[in-house]
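Notes for the one structure printed next.
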Amino acid sequence: MTFETQSSDKTQDALRASHLYYLQDLTMEAIARELGTSRSSVSRLLSFARESGLVDIQIKSPLDQATVISEALHRRWGVVAHVVPVPDQTTDVDRLDRVALSAARILTQFVDSNMVIGVAWGSTVSAISRYLVPKATHGSTIVQLNGAANTRTTGIVYASEILRRFGDAFGATVQQFPVPAFFDDPETKLALWRERSTKRVLEFQEAMDVVLFGIGAANALVPSHVYSGGYLEAADHESLAAEGVVGDVATVFFRADGSSTDITLNKRASGPDFATIRRAPRRVCVAAGVAKAEGLRGALAAGLVTDVIVDESCARALLEAPGAGAGA
């Protein structure tokens, strides 16, 4: 028996077990008898069905707190909000892990064939990439949103590993963006943006159907990679503080009111301007931890987000800020 045959048989068994368990309410013991196998084998088949995306479990209740908060976020900002229940005492590392797991499963619903999916590297997206649920597509492309090189590293290994996971999960081709995260001279960036090889990547970005990004925050307990990975000099940090920056998306910085065009460092940044991001029909932002609330608020003010996946504590902080109450 070939590997492909074994895989197909396992998928068929998992589908049958799932139908019996989720749609016909049979017990695992009854399913085991029907399939001529053991209860433990049925349990493994059901786990395989969930992990491989054959089964998508959703919980919808008008009574739970996460649903109430999701509705409040929608009323305030018009976004589709997925609030992940995480206890307040959870460490920020575990909090990010749980939000990333939920985000990976939700993202699968947004990806389909013949799509261009923009991906911004970073701590949050890296965590999501480790939990992606495979979904076969054709004609799809994963495009890197911003360069990853800095004075210490090319950034190729870090960014390419994240992109590879997305490409493998969705059977998509990967378009890397081999430029610095920040140029030393804005004129160098302008010159490179005129090159045909660079224009090719920029054209993919202009055609994006889905964009996935996290929020960079200087004070996050799980360090945002742009702040911890050697991308910013001391003078850059001082400039960002002086200009009232609260966060970044794909290494493009913004203030609490969403403004970004006159921020000095953005002239050297390789990430797409916000008009390019806003052209994508679906723009998925993932944030974990209260430290990301201020930056997430700025991204919402900039109109960058259509779908937000966030933990309960961050969502509450977002709504409880002065002047940011639900329905305000």
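Every number in this text was worked out from the coordinates using simple rules, so none of it is lab data. Computed from a predicted structure; not experimentally measured. Every residue, glycine among them, receives a Cβ derived from its backbone with ideal geometry; neighbour counts consider all protein chains shown.
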Within straight cross-link reach of K199, meaning Cα distance under 17 Å, which aspartates and glutamates are found once same-chain residues fewer than 8 apart are removed?
E187, D273
So for the stretch 3-51, averaging the separation of alpha carbon pairs under 8 Å that are six or more residues apart and normalising by length, what relative contact order in percent results?
39 percent
Nearest 5 percent is fine: what portion of the DSSP beta bridges confined to the chain is antiparallel?
20 percent
Given DSSP loops and a limit of at most 11 other Cβ atoms within 10 Å, what is the longest stretch of the chain that contains no such trypsin sites (Lys or Arg not before Pro)?
195-328
Excluding residues on the same chain fewer than 8 positions from K292, give the lysines whose Cα lies under 28 Å from its Cα.
K60, K267
Which of the lysines could a cross-linker bridge to K135, judged by Cα under 22 Å and excluding same-chain residues fewer than eight apart?
K10
Amide H contacts of V211 (H built 1.01 Å from N, under 5 Å, at least 5 apart or other chain):
G118, R282, R283, V284
Kirkwood calc, the chain, C-alpha pairs only, radius in angstrom 21.1 Å
Heads up, the stretch 3-51 by the C-alpha gyration tensor (a ≥ b ≥ c square roots of eigenvalues; a/c under 1.5 rounded, else a/b over b/c prolate, else oblate) looks prolate
